[in-house]
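Participant: Handing you a structure now.
The values are calculated or read from the model by the stated rules, or taken from the named source; none is laboratory data. From a predicted model like this one, the values you see are computed outputs, not experimental measurements. Cβ: placed from backbone, ideal geometry, glycine included. Neighbour counts: every protein chain shown.
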Amino acid sequence: MAASVRAHPWMGSSAPGVIEDMLREIGAASVAEVFEQIPQDHFRKSLLNLPPQLGSEIELKRDLLSKLKKNKSCEDNLNFLGAGVWQHHVPAIVDEIIGRTEFATNVWGSYQSDHGRNQAWFEFASQLGALLNLDVVQLPVYSWGCAIGHAARMAARLTGRRKILVPQFMDPERLSVLHSYCQPLELAGAIEIICLANSTHTGQIDLADLIAKLGPDVAAVYFENPAYLGNFEANAAEIARLARAAGAETIVGVDPLSLGIVKAPGDYGADIVTGPVQPLGVHMNCGGGVGGFIATRDEERYVREYNGFLVSIAETLTPGQFGFGLASSHQNSYGSREHGKDWTGNSTYLWAIAGAVYMSLLGPEGFAELGRLILARARLAEKLLAEIEGVEILWPASGFKEFVVRFDGTGQTVAEINARLRAKGIFGGKDLSGEGLGFGQSALFCVTEIHTTTDLLRLADTLKEVLK
(Lines give C-alpha, C1' and ligand atoms only; values in the text may rest on other atoms or scores of the structure.)
Protein backbone atom coordinates (compact mmCIF):
# COMPACT_ATOMS: atom_id res chain seq x y z
CA MET A 1 0.00 0.00 0.00
CA ALA A 2 1.46 3.37 -1.06
CA ALA A 3 2.23 5.85 1.71
CA SER A 4 -0.16 8.79 1.84
CA VAL A 5 1.26 12.19 0.85
CA ARG A 6 0.81 14.87 3.48
CA ALA A 7 1.41 18.59 3.42
CA HIS A 8 4.38 19.82 5.39
CA PRO A 9 2.99 21.47 8.55
CA TRP A 10 5.03 24.67 8.03
CA MET A 11 4.93 24.98 4.22
CA GLY A 12 1.59 25.89 2.72
CA SER A 13 2.71 25.21 -0.86
CA SER A 14 3.55 21.58 -0.03
CA ALA A 15 -0.08 20.40 -0.05
CA PRO A 16 -0.80 17.78 -2.74
CA GLY A 17 -1.68 19.39 -6.07
CA VAL A 18 -0.59 22.93 -5.19
CA ILE A 19 2.59 22.88 -7.32
CA GLU A 20 0.66 21.47 -10.27
CA ASP A 21 -1.94 24.22 -9.91
CA MET A 22 0.76 26.91 -9.88
CA LEU A 23 2.51 25.46 -12.95
CA ARG A 24 -0.81 25.32 -14.79
CA GLU A 25 -1.54 28.94 -13.90
CA ILE A 26 1.78 30.27 -15.26
CA GLY A 27 1.84 27.96 -18.26
CA ALA A 28 4.94 25.97 -17.33
CA ALA A 29 5.25 22.25 -17.89
CA SER A 30 7.55 21.56 -14.94
CA VAL A 31 9.41 23.14 -12.03
CA ALA A 32 12.66 22.67 -13.98
CA GLU A 33 11.26 24.87 -16.75
CA VAL A 34 10.70 27.71 -14.26
CA PHE A 35 14.41 27.70 -13.39
CA GLU A 36 15.84 26.93 -16.84
CA GLN A 37 17.86 30.20 -16.85
CA ILE A 38 20.05 28.84 -14.01
CA PRO A 39 23.10 26.89 -15.31
CA GLN A 40 22.97 23.20 -14.54
CA ASP A 41 26.29 23.22 -12.68
CA HIS A 42 24.71 25.58 -10.13
CA PHE A 43 22.22 22.94 -8.99
CA ARG A 44 22.90 20.61 -6.09
CA LYS A 45 23.57 17.07 -7.27
CA SER A 46 22.68 15.23 -4.06
CA LEU A 47 19.77 15.39 -1.65
CA LEU A 48 20.01 17.49 1.49
CA ASN A 49 20.49 15.41 4.61
CA LEU A 50 17.53 16.88 6.48
CA PRO A 51 16.20 15.55 9.78
CA PRO A 52 12.67 14.11 9.89
CA GLN A 53 9.98 16.78 9.75
CA LEU A 54 8.43 17.70 13.09
CA GLY A 55 4.72 17.26 13.11
CA SER A 56 3.62 19.61 15.88
CA GLU A 57 4.37 23.04 17.29
CA ILE A 58 5.33 21.45 20.61
CA GLU A 59 8.02 19.32 18.96
CA LEU A 60 9.24 22.27 16.93
CA LYS A 61 9.57 24.52 19.98
CA ARG A 62 11.42 21.85 21.95
CA ASP A 63 13.82 21.24 19.06
CA LEU A 64 14.56 24.95 18.57
CA LEU A 65 15.13 25.58 22.27
CA SER A 66 17.50 22.63 22.56
CA LYS A 67 19.58 24.06 19.70
CA LEU A 68 19.52 27.62 21.05
CA LYS A 69 20.74 26.42 24.43
CA LYS A 70 24.01 25.40 22.77
CA ASN A 71 24.82 29.09 22.19
CA LYS A 72 27.15 30.89 24.57
CA SER A 73 25.95 34.46 25.05
CA CYS A 74 27.78 37.68 25.87
CA GLU A 75 25.51 38.08 28.89
CA ASP A 76 26.76 34.84 30.44
CA ASN A 77 30.37 35.28 29.36
CA LEU A 78 32.85 38.15 29.53
CA ASN A 79 33.14 39.47 25.99
CA PHE A 80 36.03 41.25 24.25
CA LEU A 81 34.85 40.82 20.66
CA GLY A 82 34.03 43.81 18.45
CA ALA A 83 35.07 44.38 14.82
CA GLY A 84 31.73 45.60 13.51
CA VAL A 85 29.24 44.72 16.26
CA TRP A 86 30.11 45.97 19.72
CA GLN A 87 28.73 45.33 23.20
CA HIS A 88 27.59 48.68 24.57
CA HIS A 89 25.10 49.49 27.30
CA VAL A 90 21.55 50.01 26.01
CA PRO A 91 19.41 52.07 28.43
CA ALA A 92 16.10 50.37 29.28
CA ILE A 93 14.09 53.32 28.00
CA VAL A 94 15.39 52.68 24.47
CA ASP A 95 13.79 49.23 24.45
CA GLU A 96 10.61 50.63 25.99
CA ILE A 97 10.14 53.22 23.26
CA ILE A 98 11.07 51.14 20.20
CA GLY A 99 8.80 48.39 21.54
CA ARG A 100 5.75 50.62 21.27
CA THR A 101 3.24 49.38 18.69
CA GLU A 102 3.36 52.58 16.64
CA PHE A 103 7.06 51.92 16.01
CA ALA A 104 7.52 48.12 16.22
CA THR A 105 5.36 47.10 13.28
CA ASN A 106 5.98 44.40 10.72
CA VAL A 107 5.46 46.89 7.88
CA TRP A 108 7.17 50.26 7.95
CA GLY A 109 4.07 51.91 6.54
CA SER A 110 3.23 54.91 4.43
CA TYR A 111 5.55 57.81 5.21
CA GLN A 112 3.06 60.37 3.88
CA SER A 113 0.54 59.59 6.62
CA ASP A 114 2.84 58.97 9.60
CA HIS A 115 3.75 62.36 11.02
CA GLY A 116 4.89 61.06 14.41
CA ARG A 117 7.33 58.56 13.02
CA ASN A 118 8.71 61.20 10.63
CA GLN A 119 9.35 63.42 13.64
CA ALA A 120 11.23 60.62 15.44
CA TRP A 121 13.30 59.99 12.31
CA PHE A 122 14.03 63.72 12.02
CA GLU A 123 15.33 63.70 15.59
CA PHE A 124 17.72 60.89 14.66
CA ALA A 125 19.00 62.73 11.60
CA SER A 126 19.35 66.09 13.34
CA GLN A 127 21.13 64.73 16.42
CA LEU A 128 23.53 62.58 14.40
CA GLY A 129 24.15 65.53 12.09
CA ALA A 130 25.15 67.63 15.12
CA LEU A 131 27.64 64.93 16.16
CA LEU A 132 29.12 64.77 12.66
CA ASN A 133 28.97 68.54 12.09
CA LEU A 134 27.06 67.87 8.87
CA ASP A 135 23.57 68.94 7.87
CA VAL A 136 22.13 66.06 5.86
CA VAL A 137 21.75 62.53 7.25
CA GLN A 138 19.88 59.78 5.40
CA LEU A 139 17.80 57.20 7.24
CA PRO A 140 20.05 54.18 7.85
CA VAL A 141 20.66 51.42 5.33
CA TYR A 142 21.21 47.75 6.13
CA SER A 143 24.78 47.93 7.43
CA TRP A 144 27.91 50.06 7.61
CA GLY A 145 29.27 48.11 4.63
CA CYS A 146 26.16 48.96 2.62
CA ALA A 147 26.54 52.64 3.56
CA ILE A 148 30.14 52.57 2.26
CA GLY A 149 28.93 50.95 -0.96
CA HIS A 150 26.24 53.58 -1.51
CA ALA A 151 28.73 56.36 -0.70
CA ALA A 152 31.22 54.98 -3.25
CA ARG A 153 28.55 54.87 -5.93
CA MET A 154 27.46 58.38 -4.95
CA ALA A 155 31.04 59.62 -5.38
CA ALA A 156 31.28 57.92 -8.78
CA ARG A 157 28.11 59.70 -9.94
CA LEU A 158 29.34 63.03 -8.59
CA THR A 159 32.76 62.87 -10.25
CA GLY A 160 32.13 60.68 -13.28
CA ARG A 161 35.16 58.62 -12.22
CA ARG A 162 35.40 54.88 -11.65
CA LYS A 163 38.12 54.22 -9.02
CA ILE A 164 38.03 54.33 -5.22
CA LEU A 165 41.04 54.11 -2.90
CA VAL A 166 40.63 52.23 0.39
CA PRO A 167 43.07 51.27 3.21
CA GLN A 168 44.94 47.99 3.07
CA PHE A 169 43.98 47.44 6.73
CA MET A 170 40.20 47.40 6.14
CA ASP A 171 37.63 45.11 7.72
CA PRO A 172 37.32 42.19 5.25
CA GLU A 173 33.56 41.98 5.82
CA ARG A 174 32.99 45.65 4.95
CA LEU A 175 35.41 45.37 2.03
CA SER A 176 33.50 42.35 0.73
CA VAL A 177 30.24 44.31 0.80
CA LEU A 178 31.93 47.23 -0.97
CA HIS A 179 33.10 44.85 -3.71
CA SER A 180 29.50 43.73 -4.20
CA TYR A 181 28.37 47.33 -4.64
CA CYS A 182 31.23 48.20 -6.99
CA GLN A 183 30.38 45.20 -9.23
CA PRO A 184 32.73 42.99 -11.27
CA LEU A 185 35.11 44.95 -13.47
CA GLU A 186 33.63 43.27 -16.56
CA LEU A 187 30.38 45.25 -16.08
CA ALA A 188 29.94 48.70 -17.61
CA GLY A 189 29.11 50.41 -14.31
CA ALA A 190 31.94 48.84 -12.31
CA ILE A 191 34.05 50.82 -9.85
CA GLU A 192 37.63 49.64 -9.37
CA ILE A 193 38.80 49.28 -5.76
CA ILE A 194 42.48 50.00 -5.14
CA CYS A 195 44.15 49.42 -1.77
CA LEU A 196 46.39 52.01 -0.15
CA ALA A 197 49.40 50.84 1.85
CA ASN A 198 49.26 51.19 5.63
CA SER A 199 52.36 51.66 7.75
CA THR A 200 53.01 48.57 9.87
CA HIS A 201 54.68 50.83 12.46
CA THR A 202 51.70 53.17 13.03
CA GLY A 203 48.71 51.71 11.22
CA GLN A 204 48.32 55.02 9.36
CA ILE A 205 47.72 55.33 5.62
CA ASP A 206 51.00 55.78 3.74
CA LEU A 207 50.75 59.33 2.36
CA ALA A 208 53.40 58.71 -0.30
CA ASP A 209 51.38 55.77 -1.63
CA LEU A 210 48.22 57.89 -1.56
CA ILE A 211 49.90 60.65 -3.59
CA ALA A 212 51.18 58.09 -6.10
CA LYS A 213 47.73 56.54 -6.62
CA LEU A 214 45.64 59.72 -6.72
CA GLY A 215 44.82 60.80 -10.24
CA PRO A 216 42.11 62.10 -12.60
CA ASP A 217 40.33 58.73 -12.56
CA VAL A 218 39.89 58.48 -8.75
CA ALA A 219 36.35 59.18 -7.55
CA ALA A 220 36.99 58.98 -3.82
CA VAL A 221 39.38 58.13 -1.02
CA TYR A 222 37.82 56.11 1.80
CA PHE A 223 39.28 55.68 5.27
CA GLU A 224 37.98 55.07 8.79
CA ASN A 225 38.70 57.12 11.89
CA PRO A 226 39.01 55.20 14.19
CA ALA A 227 40.13 52.51 11.78
CA TYR A 228 39.23 48.81 11.66
CA LEU A 229 42.22 47.92 13.87
CA GLY A 230 41.27 50.58 16.43
CA ASN A 231 43.87 53.27 15.71
CA PHE A 232 43.02 56.89 14.90
CA GLU A 233 44.10 58.25 11.52
CA ALA A 234 46.38 61.12 12.54
CA ASN A 235 46.70 62.37 8.95
CA ALA A 236 42.94 62.64 8.31
CA ALA A 237 42.97 66.34 7.38
CA GLU A 238 45.96 65.87 5.05
CA ILE A 239 44.29 62.91 3.32
CA ALA A 240 41.18 65.03 2.74
CA ARG A 241 43.29 67.91 1.40
CA LEU A 242 45.16 65.66 -1.03
CA ALA A 243 41.92 64.06 -2.24
CA ARG A 244 40.29 67.44 -2.78
CA ALA A 245 43.30 68.71 -4.73
CA ALA A 246 42.96 65.69 -7.03
CA GLY A 247 39.24 66.31 -7.58
CA ALA A 248 38.20 63.27 -5.54
CA GLU A 249 35.65 63.00 -2.77
CA THR A 250 36.72 62.14 0.78
CA ILE A 251 34.57 59.41 2.37
CA VAL A 252 35.15 58.84 6.08
CA GLY A 253 33.85 55.98 8.21
CA VAL A 254 33.43 56.86 11.88
CA ASP A 255 32.26 55.29 15.13
CA PRO A 256 29.72 57.85 16.41
CA LEU A 257 30.60 57.12 20.04
CA SER A 258 34.09 58.49 19.47
CA LEU A 259 32.76 61.93 18.56
CA GLY A 260 32.45 63.06 22.15
CA ILE A 261 36.25 63.22 22.40
CA VAL A 262 37.60 63.66 18.84
CA LYS A 263 37.02 66.14 16.04
CA ALA A 264 33.98 65.53 13.84
CA PRO A 265 34.71 64.37 10.25
CA GLY A 266 33.02 67.46 8.86
CA ASP A 267 35.67 69.57 10.62
CA TYR A 268 38.67 67.99 8.89
CA GLY A 269 37.41 67.86 5.33
CA ALA A 270 35.14 64.84 4.96
CA ASP A 271 32.67 65.16 2.09
CA ILE A 272 30.63 62.00 2.71
CA VAL A 273 30.55 60.30 6.12
CA THR A 274 29.41 56.76 6.87
CA GLY A 275 29.33 54.69 10.03
CA PRO A 276 27.47 52.12 12.13
CA VAL A 277 24.14 52.75 13.85
CA GLN A 278 24.45 49.75 16.19
CA PRO A 279 26.53 51.55 18.90
CA LEU A 280 23.69 54.07 19.29
CA GLY A 281 21.41 52.04 21.54
CA VAL A 282 20.96 48.85 19.52
CA HIS A 283 21.54 45.43 21.07
CA MET A 284 23.82 42.87 19.46
CA ASN A 285 21.74 40.09 17.95
CA CYS A 286 22.30 37.31 15.45
CA GLY A 287 21.15 38.33 11.98
CA GLY A 288 20.14 41.87 12.91
CA GLY A 289 20.87 44.93 14.98
CA VAL A 290 23.16 46.53 12.45
CA GLY A 291 22.66 49.54 10.21
CA GLY A 292 24.71 52.19 8.47
CA PHE A 293 24.28 55.93 8.06
CA ILE A 294 25.32 58.29 5.25
CA ALA A 295 25.77 62.05 5.80
CA THR A 296 27.00 65.07 3.86
CA ARG A 297 26.95 68.86 3.82
CA ASP A 298 23.68 70.50 2.78
CA GLU A 299 24.71 71.14 -0.79
CA GLU A 300 22.47 70.43 -3.76
CA ARG A 301 25.08 68.35 -5.57
CA TYR A 302 25.12 65.90 -2.64
CA VAL A 303 21.43 65.98 -1.78
CA ARG A 304 20.50 65.07 -5.36
CA GLU A 305 22.64 61.91 -5.16
CA TYR A 306 21.10 60.29 -2.06
CA ASN A 307 19.44 56.95 -2.72
CA GLY A 308 17.26 56.68 0.40
CA PHE A 309 14.96 58.71 2.59
CA LEU A 310 15.76 62.17 3.88
CA VAL A 311 13.38 63.48 6.54
CA SER A 312 13.05 67.24 6.84
CA ILE A 313 11.10 69.87 8.77
CA ALA A 314 8.86 72.65 7.46
CA GLU A 315 6.66 75.40 8.84
CA THR A 316 2.90 74.99 8.63
CA LEU A 317 0.08 77.48 8.14
CA THR A 318 -0.25 77.67 11.92
CA PRO A 319 2.53 79.83 13.45
CA GLY A 320 4.73 77.83 15.83
CA GLN A 321 3.71 74.47 14.42
CA PHE A 322 5.93 72.36 12.21
CA GLY A 323 5.50 69.42 9.89
CA PHE A 324 7.89 66.53 9.21
CA GLY A 325 8.10 64.80 5.86
CA LEU A 326 10.40 63.41 3.20
CA ALA A 327 12.67 65.54 1.05
CA SER A 328 13.79 64.58 -2.47
CA SER A 329 11.97 61.27 -2.22
CA HIS A 330 11.33 61.21 -5.97
CA GLN A 331 14.98 60.33 -6.70
CA ASN A 332 15.14 57.02 -4.83
CA SER A 333 14.00 53.65 -6.12
CA TYR A 334 10.57 54.05 -4.49
CA GLY A 335 9.97 57.28 -6.38
CA SER A 336 11.68 56.44 -9.68
CA ARG A 337 12.03 52.64 -9.63
CA GLU A 338 14.92 51.56 -11.87
CA HIS A 339 15.69 55.19 -12.70
CA GLY A 340 16.41 56.03 -9.05
CA LYS A 341 19.88 57.09 -7.93
CA ASP A 342 20.42 53.66 -6.37
CA TRP A 343 18.22 50.93 -4.95
CA THR A 344 16.76 51.71 -1.54
CA GLY A 345 15.27 48.72 0.28
CA ASN A 346 13.32 48.75 3.55
CA SER A 347 16.47 49.35 5.57
CA THR A 348 16.73 49.63 9.37
CA TYR A 349 14.41 52.47 10.28
CA LEU A 350 13.52 51.10 13.72
CA TRP A 351 17.17 51.45 14.71
CA ALA A 352 17.01 55.11 13.70
CA ILE A 353 14.39 55.62 16.41
CA ALA A 354 16.56 53.70 18.89
CA GLY A 355 19.42 56.00 17.95
CA ALA A 356 17.27 59.10 18.43
CA VAL A 357 16.32 57.99 21.94
CA TYR A 358 19.89 57.02 22.84
CA MET A 359 21.43 60.27 21.61
CA SER A 360 18.79 62.38 23.38
CA LEU A 361 19.57 60.56 26.65
CA LEU A 362 23.31 61.21 26.42
CA GLY A 363 23.44 64.73 25.06
CA PRO A 364 26.78 66.44 24.32
CA GLU A 365 28.19 66.01 27.85
CA GLY A 366 27.10 62.39 27.94
CA PHE A 367 28.96 61.61 24.71
CA ALA A 368 32.09 63.29 26.08
CA GLU A 369 31.86 61.37 29.37
CA LEU A 370 31.22 58.07 27.58
CA GLY A 371 34.12 58.64 25.20
CA ARG A 372 36.54 59.41 28.01
CA LEU A 373 35.37 56.35 29.95
CA ILE A 374 35.84 53.98 26.99
CA LEU A 375 39.25 55.46 26.24
CA ALA A 376 40.39 55.07 29.88
CA ARG A 377 39.17 51.47 30.10
CA ALA A 378 40.86 50.53 26.80
CA ARG A 379 44.14 52.09 27.93
CA LEU A 380 44.00 50.16 31.22
CA ALA A 381 43.36 46.93 29.32
CA GLU A 382 46.35 47.60 27.07
CA LYS A 383 48.55 48.23 30.11
CA LEU A 384 47.47 45.06 31.91
CA LEU A 385 47.91 42.81 28.86
CA ALA A 386 51.27 44.34 27.93
CA GLU A 387 52.65 43.23 31.31
CA ILE A 388 52.08 39.56 30.41
CA GLU A 389 55.19 37.75 29.18
CA GLY A 390 55.16 37.14 25.44
CA VAL A 391 52.19 39.50 24.82
CA GLU A 392 52.66 42.70 22.80
CA ILE A 393 50.27 45.59 22.11
CA LEU A 394 50.54 46.81 18.54
CA TRP A 395 50.51 50.64 18.33
CA PRO A 396 49.71 51.20 22.06
CA ALA A 397 47.67 54.25 23.13
CA SER A 398 46.80 55.10 19.52
CA GLY A 399 43.11 54.27 19.27
CA PHE A 400 39.66 54.33 20.81
CA LYS A 401 38.06 51.10 22.04
CA GLU A 402 39.83 48.42 19.99
CA PHE A 403 43.48 47.43 19.82
CA VAL A 404 45.62 44.66 18.35
CA VAL A 405 47.29 42.15 20.68
CA ARG A 406 50.15 40.02 19.35
CA PHE A 407 50.80 36.56 20.82
CA ASP A 408 53.81 35.47 18.76
CA GLY A 409 56.03 35.69 21.82
CA THR A 410 53.92 33.09 23.64
CA GLY A 411 54.50 30.36 21.07
CA GLN A 412 50.75 29.71 20.92
CA THR A 413 48.09 30.47 18.31
CA VAL A 414 45.17 32.81 18.81
CA ALA A 415 42.82 29.89 18.15
CA GLU A 416 44.38 27.89 21.00
CA ILE A 417 44.35 30.86 23.39
CA ASN A 418 40.75 31.78 22.59
CA ALA A 419 39.59 28.20 23.08
CA ARG A 420 41.12 28.14 26.56
CA LEU A 421 39.62 31.54 27.40
CA ARG A 422 36.19 30.32 26.24
CA ALA A 423 36.46 27.36 28.57
CA LYS A 424 36.82 29.87 31.41
CA GLY A 425 33.87 32.04 30.36
CA ILE A 426 35.74 34.70 28.35
CA PHE A 427 35.41 35.55 24.66
CA GLY A 428 38.86 36.67 23.53
CA GLY A 429 39.59 39.08 20.67
CA LYS A 430 38.84 38.48 17.00
CA ASP A 431 41.49 36.24 15.44
CA LEU A 432 43.35 38.29 12.80
CA SER A 433 45.94 35.66 11.94
CA GLY A 434 44.12 34.54 8.78
CA GLU A 435 43.48 38.00 7.31
CA GLY A 436 46.88 38.47 5.68
CA LEU A 437 47.77 41.59 7.67
CA GLY A 438 51.31 40.46 8.43
CA PHE A 439 50.95 40.57 12.22
CA GLY A 440 51.39 36.87 12.89
CA GLN A 441 49.31 35.46 15.73
CA SER A 442 47.31 38.55 16.62
CA ALA A 443 43.80 39.36 17.81
CA LEU A 444 41.61 42.47 17.87
CA PHE A 445 40.33 43.13 21.40
CA CYS A 446 37.44 45.47 22.17
CA VAL A 447 36.84 47.27 25.47
CA THR A 448 33.78 49.44 26.09
CA GLU A 449 31.95 51.10 28.97
CA ILE A 450 30.46 47.75 30.02
CA HIS A 451 33.88 46.51 31.16
CA THR A 452 34.79 47.24 34.76
CA THR A 453 38.29 47.27 36.24
CA THR A 454 37.45 43.89 37.78
CA ASP A 455 36.60 42.55 34.30
CA LEU A 456 39.92 43.72 32.91
CA LEU A 457 41.88 42.23 35.82
CA ARG A 458 40.04 38.96 35.29
CA LEU A 459 41.00 38.97 31.59
CA ALA A 460 44.66 39.60 32.40
CA ASP A 461 44.80 37.00 35.17
CA THR A 462 43.01 34.37 33.08
CA LEU A 463 45.24 35.07 30.09
CA LYS A 464 48.33 34.56 32.27
CA GLU A 465 46.85 31.26 33.43
CA VAL A 466 46.02 29.87 29.98
CA LEU A 467 49.44 30.89 28.59
CA LYS A 468 51.38 28.80 31.14
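Participant: Might you let me know whether region 214-224 holds any residue that is farther than 30 Å from residue 393 by Cβ, surrounded by fewer than 17 Cβ atoms within 10 Å (Cβ to Cβ) and within 17 Å of the chain's Cα centre (by Cα)?
Facilitator: No.
Participant: Okay, moving on. Looking at residue 353 and the list (1) modelled with pLDDT under 95; (2) surrounded by fewer than 20 Cβ atoms within 10 Å (Cβ to Cβ), which single condition is not satisfied?
Facilitator: Of (1) modelled with pLDDT under 95; (2) surrounded by fewer than 20 Cβ atoms within 10 Å (Cβ to Cβ), only one is false for residue 353: (2).
Participant: May I pose another question? Scan region 374-386 and tell me whether some residue there is surrounded by 22 or more Cβ atoms within 10 Å (Cβ to Cβ), more than 23 Å from residue 72 (Cβ to Cβ) and under 21 Å from the mean Cα position of the chain (by Cα).
Facilitator: yes
Participant: Quick check on this structure: which one of 343, 351 is assigned by TED's automatic domain parsing to the domain that holds residue 233 and either farther than 25 Å from residue 97 by Cα or part of a strand (DSSP E or B) (or both)?
Facilitator: Result of the check over 343, 351: 343.
Participant: Condition first: assigned to a helix (DSSP H, G or I) and either in contact with a strand residue (DSSP E or B) (Cβ under 9 Å, 6 or more places away or on another chain) or more than 25 Å from residue 432 (Cβ to Cβ) (or both). Can you find one or more residues in region 185-197 that meet it?
Facilitator: No.
Participant: Hey, another quick one. Looking at 402, 389, 449, which is the one that is touching a residue at least 60 places away in the same chain (Cβ under 8 Å) and in contact with a Ser or Thr (Cβ under 9 Å, 6 or more places away or on another chain)? Spell out how you get there, then give the answer.
Facilitator: On the way: 402 fails: in contact with a Ser or Thr (Cβ under 9 Å, 6 or more places away or on another chain); 449 fails: in contact with a Ser or Thr (Cβ under 9 Å, 6 or more places away or on another chain).
Answer to the selection: 389.
Participant: Here's another thing I want to ask about it. Does region 250-257 contain at least one residue that is free of Cβ contacts under 8 Å to residues at least 40 places away in the same chain, of a type outside the set (Lys, Arg), within 24 Å of residue 367 (Cβ to Cβ) and surrounded by 23 or more Cβ atoms within 10 Å (Cβ to Cβ)?
Facilitator: Yes: region 250-257 contains one or more residues that are free of Cβ contacts under 8 Å to residues at least 40 places away in the same chain, of a type outside the set (Lys, Arg), within 24 Å of residue 367 (Cβ to Cβ) and surrounded by 23 or more Cβ atoms within 10 Å (Cβ to Cβ).
Participant: Would you please list the contacts, defined by Cβ atoms under 8 Å and residues six or more apart or on different chains, that run from a residue in region 91-115 that is more than 14 Å from residue 360 (Cα to Cα) and in the same structural domain as residue 325 (by TED's automatic domain parsing) to a residue that is at pLDDT below 75 and in a loop (DSSP other than H, G, I, E, B)?
Facilitator: From region 91-115, the pairs are 108/346.
Participant: Another question, if that's okay. Provide a single number: the residues in region 418-431 that are of a type in the set (A, V, I, L, M, F, W, C) and either in contact (Cβ under 8 Å) with a residue 60 or more places away in the chain or in contact with a Gly (Cβ under 6 Å, 6 or more places away or on another chain) (or both).
Facilitator: 3
Participant: Within region 318-367, take every residue that is of a type in the set (Phe, Trp, Tyr) and more than 30 Å from residue 182 (Cα to Cα) and give me the one that is nearest to the chain's Cα centre (by Cα).
Facilitator: Among those residues, the one meeting the criterion is 358.
Participant: Residues that are within 17 Å of residue 348 (Cα to Cα), in a loop (DSSP other than H, G, I, E, B), of a type in the set (Phe, Trp, Tyr) and in the same structural domain as residue 345 (by TED's automatic domain parsing): does region 120-139 have at least one?
Facilitator: no
Participant: If residue 290 passes every condition in (1) assigned to a loop (DSSP other than H, G, I, E, B); (2) aliphatic (A, V, I, L, M); (3) over 15 Å from the mean Cα position of the chain (by Cα); (4) more than 20 Å from residue 167 (Cα to Cα) but one, which one does it miss?
Facilitator: Of (1) assigned to a loop (DSSP other than H, G, I, E, B); (2) aliphatic (A, V, I, L, M); (3) over 15 Å from the mean Cα position of the chain (by Cα); (4) more than 20 Å from residue 167 (Cα to Cα), only one is false for residue 290: (3).
Participant: Right, next: Do we find that residue 308 is crowded, with 19+ Cβ neighbours inside 10 Å, under 23 Å from residue 152 (Cβ atoms) and touching a Cys at 6+ places or on another chain (Cβ under 6 Å) in this structure?
Facilitator: In short, no.
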